[in-house]
1. Among the residues of the stretch 140-152, are any hydrophobic (A, V, I, L, M, F, W, C) and assigned to a loop (DSSP other than H, G, I, E, B)?
2. Determine, yes or no, whether Ala125 is in contact with a strand residue (DSSP E or B) (Cβ under 9 Å, 6 or more places away or on another chain), in contact (Cβ under 8 Å) with a residue 12 or more places away in the chain, of a type in the set (Gly, Ala, Ser) and surrounded by fewer than 20 Cβ atoms within 10 Å (Cβ to Cβ).
3. Mind checking which pairs have a first residue in the stretch 265-279 that is without any contact (Cβ under 8 Å) to a residue 60 or more places away in the chain and closer than 8 Å to Gly224 by Cα and a second that is among the aliphatic types (A, V, I, L, M) and not in a helix (DSSP H, G or I), Cβ under 6 Å, 6 or more apart or different chains?
4. Anything in the stretch 179-204 that is under 23 Å from the mean Cα position of the chain (by Cα), at pLDDT 95 or above and open to solvent by 70 Å² or more (accessible area, probe 1.4 Å)? List them, or say none.
5. Could you look through the stretch 94-112, keep only residues that are aliphatic (A, V, I, L, M) and open to solvent by 10 Å² or more (accessible area, probe 1.4 Å), and pick out the one that is modelled with the lowest pLDDT?
6. Considering (1) within 14 Å of the chain's Cα centre (by Cα); (2) part of a helix (DSSP H, G or I), say which one Glu121 fails and leave the rest.
7. Need the failing condition index for Trp173 against (1) touching a helix residue (DSSP H, G or I) at 6+ places or on another chain (Cβ under 7 Å); (2) more than 23 Å from Val214 (Cα to Cα); (3) open to solvent by 10 Å² or more (accessible area, probe 1.4 Å), just the number.
8. If a residue must be surrounded by fewer than 22 Cβ atoms within 10 Å (Cβ to Cβ) and farther than 18 Å from Arg286 by Cβ, how many such residues does the stretch 220-238 contain?
Amino acid sequence: MTRRSMIAAAAVSAMAPVGAGGALAAAPAAGRQAPGVYRYKVGDIEVTALTDGLNRRPLDASFVRNAPVENVRRALSDAFMDTSSVAISFTSVVVNTGSRLILVDAGTGGHLAPTAGQLYENLSAAGIEPKAVDTVLISHFHPDHIGGVRLKSGELAFPNAEIVVPEAEWAFWMDDGQMSRAPDGLKGAFKMARRVFEPIRRDVRRYDPETEFVTGLVAIPAPGHTPGHTAFRLSSGSEELIIWSDTTNHPSLFVRNPGWHAVFDMDPGQAEATRRRMLDMVTKDRLLVAGYHFPFPAVGHIARRSNDEFAFVPEMWNPVL
């Protein structure tokens with residue numbers, strides 16, 4: 001046998017089935033996403049990121065109020081994303097201090113899009129029982145953050161948890177006068193706030209700016225996106241995490257271009273000032289950041305690229321083992 005024929009025979013042998021039970025049939029596609037759970041440490045505190053899915057919003061001229069839509073499409077293209085719509089993801093985090101289990105923002109509850117509402121099943125995949133959650137800590141009252149406080153049946157999703165909300169958010173969204181004056185586009189958010197909170201009005205605890213909820217977890221006032229929008233600083237030992245909430249929406253747009261005004265920001269000028277302050281803080285101190293609308297697992301750093309441009313740098317995958 002020549003050398004060439006020996007190589008050909010070896011190749012055929014390598015492709016042949018191993019025994020009668022060889023696995024040659026193509027495996028069927030799973031058809032749906034596996035659980036979205038990522039667990040990491042901030043000092044001695046365990047943080048679990050849980051995806052609630054995403055919503056795709058068609059891109060039009062209204063999405064960024066102060067930039068031509070062509071520039072927005074270019075930014076999406078530069079990030080290798082679809083330019084006809086914006087994929088907006090939702091990621092809640094669970095903070096386990098060792099004595100308290102705190103869920104920061106409760107997701108959409110399945111009210112926003114068929115591609116969202118996955119928080120409950122991802123909690124289960126993470127081994128977290130809803131009844132074990134001690135606190136549901138709300139950053140602001142937009143429906144994608146509070147919708148999951150209740151199941152679609154109306155029951156509380158976290159029956160043993162204290163619900164803790166910003167005082168300024170409560171004062172705005174639960175005010176009937178504000179609701180009567182609100183534009184049609186905001187009416188749904190007012191109605192969701194009432195659906196979620198009205199039955200437990202007496203039990204909801206309201207917090208002031210800079211409140212410390214447990215040792216190492218402190219509110220950071222971040223208004224503009226909504227009147228009482230709040231971020232959080234989580235500290236343990238020498239390590240810190242800034243839970244960014246909605247300081248920016250999609251990082252490829254609003255981290256890269258902090259002067260752009262998203263349609264979701266209720267006071268665009270104040271939201272921009274907050275965003276710039278927060279960007280300066282996390283870049284100067286090289287702080288880890290978890291963003292509600294960052295790509296899952298929604299944690300990383302912010303790098304300054306120029307005086308007026310920043311970039312989100314995802315954290316290297318480093319799960320708790």
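1. From the stretch 140-152, those hydrophobic (A, V, I, L, M, F, W, C) are 141, 146, 149, 151; that's our starting set.
Imposing the further condition that a residue be assigned to a loop (DSSP other than H, G, I, E, B) reduces the set to 141, 151.
The answer is yes; a qualifying residue exists.
2. Considered against the rule, which asks whether it is in contact with a strand residue (DSSP E or B) (Cβ under 9 Å, 6 or more places away or on another chain), in contact (Cβ under 8 Å) with a residue 12 or more places away in the chain, of a type in the set (Gly, Ala, Ser) and surrounded by fewer than 20 Cβ atoms within 10 Å (Cβ to Cβ), Ala125 comes out as yes.
3. Thr274/Ala222
4. Lys191, Arg195
5. Filtering the stretch 94-112 for residues that are aliphatic (A, V, I, L, M) and open to solvent by 10 Å² or more (accessible area, probe 1.4 Å), the one modelled with the lowest pLDDT comes out as Leu112.
6. (1)
7. Exception for Trp173: condition (3).
8. 4
The values are calculated or read from the model by the stated rules, or taken from the named source; none is laboratory data. Note that the structure is a prediction, hence the values are computed from the model and not measured. Here the Cβ is made from the backbone with ideal geometry for all residues, glycine too, and neighbour counts use every protein chain on show. Heavy atoms of the whole protein, side chains included, go into the accessibility calculation; ligands, DNA and RNA do not. Shrake-Rupley method; radii C 1.70, N 1.55, O 1.52, S 1.80 Å.
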